[in-house]
Amino acid sequence: MNEQVITTFTQLAYLIASVFFILGIKKLSSPKTARSGNFFAMLGMFVAIVTTLAHKEIVDFKLILAGITIGSAVGWFVGKKIEMTAMPQMVALFNGFGGLASMLVAMAEFYIHDPKSWTFDVSTTVILSLFVGGVTFTGSIVAFAKLQELIKSSPVVFKMQQVLNGILFAVFIVASGFYLYDTTSLVSLTVILFVGLLLGVLLVIPIGGADMPVVISLLNSYSGIAAATTGFILSNSVLIISGALVGASGIILTQIMCKAMNRSLVNVIFGAVGGEALASGGKKEKRTVTNYTEEDAASILDSAQSVIIVPGYGLAVAQAQHVLQEMGKMLIAKGVSVRYAIHPVAGRMPGHMNVLLAESNVPYDLLCDLDQINEDFQNTDVVLVIGANDVINPAARTQKDSPLFGMPILNVDKAKSAIIIKRSLSPGFAGVDNELFYDKKTMMIFKDAKEGVNKIITALKEL
Amino acid sequence: MDLITSVSIFVLSIFLGIELISKVPPLLHTPLMSGSNAISGITLVGSLIACGVAMETKDATLGAILGFLAVIFATINVVGGFVVTNRMLEMFKTKKK
């Protein structure tokens, strides 16, 4: 076969791989087809890899096979062993690896080809791939360390931080200019690499633990863009297309998370709010709440016709999702209609709470997102809130001066009654008091989530 | 393929991605992230080319080492991402046993 034909076939195969990726994501639109979607994506990856290995310039496979074997073993092991609660860290770490790979490819290209012959296009893409890959790599590693609590998750802020970032960015632009002028300059390239790595760290350290869902989504987007820039260097369509798909996915999830937290992206990146207590809305009059017991809760739940459960991250921290599932099942067996209302930021990353509940065998058709269920609260007898606070705070609807104002919340206050299991009256991440706790129709139970639910189960059995 | 063709494909794919992903329900956002994470491991293709070509190039030992490392990290990204996504999607069941 002549070279032209081979090239055409290679391009066709890459196109097929891209189509498989597109179908894979399309099938994620329903939980019924999602698994086959994942297989389509795997198939796409397989086609892309095999096509690449058939590349005419690759003759010696020893090193490649060794790399694939090591990578597969590690990936397989981590993928099988990781706890579902640790999913955010894992996604952050893998994002970082993707960015690192893009960065390494750009560096390797410098040593493989003669940079003297590089056109403007090639040099530009090498710079981009190196820079975006570097930012993604260190940014993800910092996010991973924060989520894994290897370092403090609170924001690290220092004077002139923005100025420093600005200077570094200027250095990047200047070094890029120098590199485009002299494409053989290892010095300019090294400067670009280090600025990228440093910026990755500096951009993520000021972001607090509560804002991590936004950061993970954003880094997900970067890792896609890093892959696409590598595609620019190699003029490879499958890298560009799939990198763009991932980039878009990250952008959308970032938007959803920002909206759900009532923050703008600029505010998350430069605001450094997460974790710091806000002093607004601070009229602290002494108000009383009525303390109820688990037995009271059990008898109300037992006599209800409809119950909505609102889980927050406190549930996962207390590892109470399994007992909660058991309680839900008992109520369903008693003829009560039970559903779960999942706020977009209920977990530590987009959709996290759904995975945790699915793992505990809650059928997914009982898991409702905010738009699906919010109108139903007013017709619901009892809402059981566990480990959630800001996402049910009516101040988001009523108090114009509250930092929560405008945030989409679950309309727990519209239900006929509410049971809230919470350790104390302490405010949530936003540092705002919650009116709902003092409402007449609210029953507060001050307990750890797991202990509280366990006691409700015992009480339900005795009824 | 020149840079402008590449950029055109990139921009159009972003729009396609936005259309596709806005149809994914919040229920599946975590698997979407880990799955798309695995897909972004497509850099593996670039890593394979870099590693393979470096092996055939004179005086490119450093390039080969960098390519080799890239292959390892990209493969972890791909395999780990798909394995964990599959594990998660297996857990999503309806009431029927």
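The values are calculated or read from the model by the stated rules, or taken from the named source; none is laboratory data. Remember, it's a predicted structure, so these values are computed and weren't measured experimentally. Here the Cβ positions follow ideal geometry from the backbone for every residue, glycine too, while neighbour counts run over all protein chains shown. Quick note on the areas: whole protein, heavy atoms, side chains included, nothing else; ligands and nucleic acids left out. Shrake-Rupley method; radii C 1.70, N 1.55, O 1.52, S 1.80 Å.
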Considering only residues that are at pLDDT 70 or above, open to solvent by less than 70 Å² (accessible area, probe 1.4 Å) and assigned to a loop (DSSP other than H, G, I, E, B), look in the stretch A:250-290 and name the one that is farthest from A:Tyr438 (Cα to Cα).
A:Ser264
Could you give me the residue pairs with C-beta distances under 6 Å whose first residue belongs to the stretch A:219-235 and is more than 7 Å from chain B (Cβ to nearest Cβ), whose second residue is surrounded by fewer than 24 Cβ atoms within 10 Å (Cβ to Cβ) and among the aliphatic types (A, V, I, L, M) wherever it lies, and which are 6+ apart or on separate chains?
A:Ser221/A:Ile251; A:Thr229/A:Leu128
Neighbours by Cβ (under 7 Å, 6+ apart or cross-chain): first from the stretch A:395-417, more than 28 Å from A:Leu301 (Cβ to Cβ); second modelled with pLDDT under 90 and among the aromatic types (Phe, Trp, Tyr)
A:Gln399/A:Phe405
Complete set of residues in the stretch A:366-409 that are open to solvent by less than 20 Å² (accessible area, probe 1.4 Å) and of a type in the set (Gly, Ala, Ser)
A:Ala388, A:Ala395, A:Ala396, A:Ser402
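Each row is one residue, and each column tells you yes or no for (1) more than 7 Å from chain A (Cβ to nearest Cβ); (2) touching a strand residue (DSSP E or B) at 6+ places or on another chain (Cβ under 8 Å); (3) open to solvent by less than 30 Å² (accessible area, probe 1.4 Å); (4) under 22 Å from A:Phe21 (Cα atoms).
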| residue | (1), (2), (3), (4) |
| --- | --- |
| B:Ile9 | no, no, no, yes |
| B:Leu12 | yes, no, no, yes |
| B:Leu20 | no, no, yes, yes |
| B:Leu27 | no, yes, yes, yes |
| B:Pro31 | no, no, yes, yes |
| B:Ile42 | no, no, yes, yes |
| B:Leu48 | no, no, yes, yes |
| B:Gly52 | no, no, yes, no |
If I ask for residues that are open to solvent by 20 Å² or more (accessible area, probe 1.4 Å), at the interface with chain B (Cβ under 7 Å from one of its Cβ atoms) and more than 18 Å from A:Ile240 (Cα to Cα), which ones from the stretch A:27-46 would you list?
A:Ser29, A:Pro31, A:Arg35
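If a residue counts only when it is over 16 Å from A:Thr442 (Cβ atoms) and open to solvent by 60 Å² or more (accessible area, probe 1.4 Å), which helices (runs of 4 or more DSSP H) contained entirely in the stretch A:292-345 have at least 3 such residues?
In the stretch A:292-345, the matching helices (runs of 4 or more DSSP H) lie at A:321-333.
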Can you tell me which residue in the stretch A:51-76 is farthest from A:Asn95 (Cα to Cα), limited to those that are more than 7 Å from every other protein chain (Cβ to nearest Cβ) and touching a residue at least 24 places away in the same chain (Cβ under 8 Å)?
A:Lys56
